[in-house]
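Visitor: This is the structure, below, for whatever I ask next.
Read-outs: derived from the displayed coordinates by stated rules, not from any lab. Note that the structure is predicted; figures quoted are calculated from it, not measured. Quick reminder, even Gly has a Cβ in these numbers, built from the backbone with ideal geometry, and neighbours come from all protein chains shown.
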Amino acid sequence: MSQGLSKITGKDMAALRPVVALPAGAAAAVRDCTHVPEAIDRLESGGFLVEAARLLAHSLPRREAVWWACMCAAHTAPPDLPEADRQAREAAELWVRQQGDKNRRAAMRQAEATSFESPEAWAAVAVFWSGETIGAEDQPAVPPPPHVAGKAVAGSVALAAVRTDPKRQAIRLKRFLESGRNIAAGGSGRLAAEDA
């Protein structure tokens, strides 16, 4: 079992089950798990890598989850990554370092400049959905639905895993899970750029 993952250890596995919506085989693998780190380990060892990543995306605190999405996106970013996507990731990373409404809204503006088809775009969307409101600045607060930031992070990580070469999905997801565990333990989770 993963040890020292302080940022996800106290998460309520029972509350996360309906959010993560595991398919039958994955749900059976973690049926008796009460702790998130153990469930992630079981999913990974059972070959349910996408599901393990989804559970981790919903388990990490929002700031750390967005950072993880950025690390995964940077790992598989091609040399010809569109400028709008690069700027979306940079905006998401800036929000992680300097949280605040100005940077949160700037991340969403950068996401809107993309086609919403990249891991970078969804990392930036996760930033926007991590705030107290998704409404306009001068309007009454409109809280985002619960767990949408986690869904955006999970989508970002899933897209990064199949970008340019879907055959590398499994090995990438294993690297991503290692990165995510490092972040859950208080590390930076940095991944070197993927070898071509």
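Visitor: Can you give the calculated 222 nm mean residue ellipticity of the chain, where each DSSP H run of n ≥ 4 adds -39,500 (n - 2.57) and the sum is split over every residue, rounded to the nearest 500 deg cm²/dmol? Before the final figure, lay out the partial values.
Guide: Values: 10 runs with 118 residues, N = 196.
Helix contribution divided over all residues of the chain: -18500 deg cm²/dmol.
Visitor: Would you mind counting up the charge near TRP129? Only other residues with Cβ under 10 Å from its Cβ, with Lys and Arg at +1 and Asp and Glu at -1.
Guide: Cβ neighbours under 10 Å give a net charge of +3.
Visitor: What's the extension gain from GLU117 to ARG190 if we count 0.36 nm per residue and subtract their Cα-Cα distance?
Guide: Additional length available on full extension: 24.0 nm.
Visitor: Which values, in whole Å and largest first, are the semi-axes of the equivalent ellipsoid of the chain obtained as the square root of 5 times each eigenvalue of the Cα gyration tensor? Let's see the in-between values first.
Guide: Numbers: eigenvalues 133, 85, 40 Å².
Over the Cα atoms of the chain, the semi-axes work out to 26, 21, 14 Å.
Visitor: Right, something else. Please compute one quarter of the surface area of the Cα convex hull for region 62-167 and express it in square nanometres.
Guide: Values: hull surface 24.9 nm².
Spelled out: convex hull of the Cα atoms, projected over all directions, averaged, 6.2 nm².
Visitor: Still on this structure, I have one more. Lys and Arg at +1, Asp and Glu at -1: add these up for the other residues within a Cβ distance under 14 Å of GLN87 and post the number. Walk me through the numbers before you get to the answer.
Guide: Details: positive: ARG86, ARG89, ARG109; negative: GLU83, ASP85, GLU90, GLU93, GLU112, GLU120.
Net local charge, GLN87 excluded: -3.
Visitor: Now, a different point. Lys pairs in the chain, Cα-Cα under 25 Å, at least 8 apart or on separate chains: how many? Don't skip to the answer; put the middle values down first.
Guide: Numbers: LYS7/LYS151; LYS7/LYS174; LYS11/LYS151; LYS11/LYS174; LYS102/LYS151; LYS151/LYS167; LYS151/LYS174.
Step by step, the pairs that qualify in the chain add up to 7.
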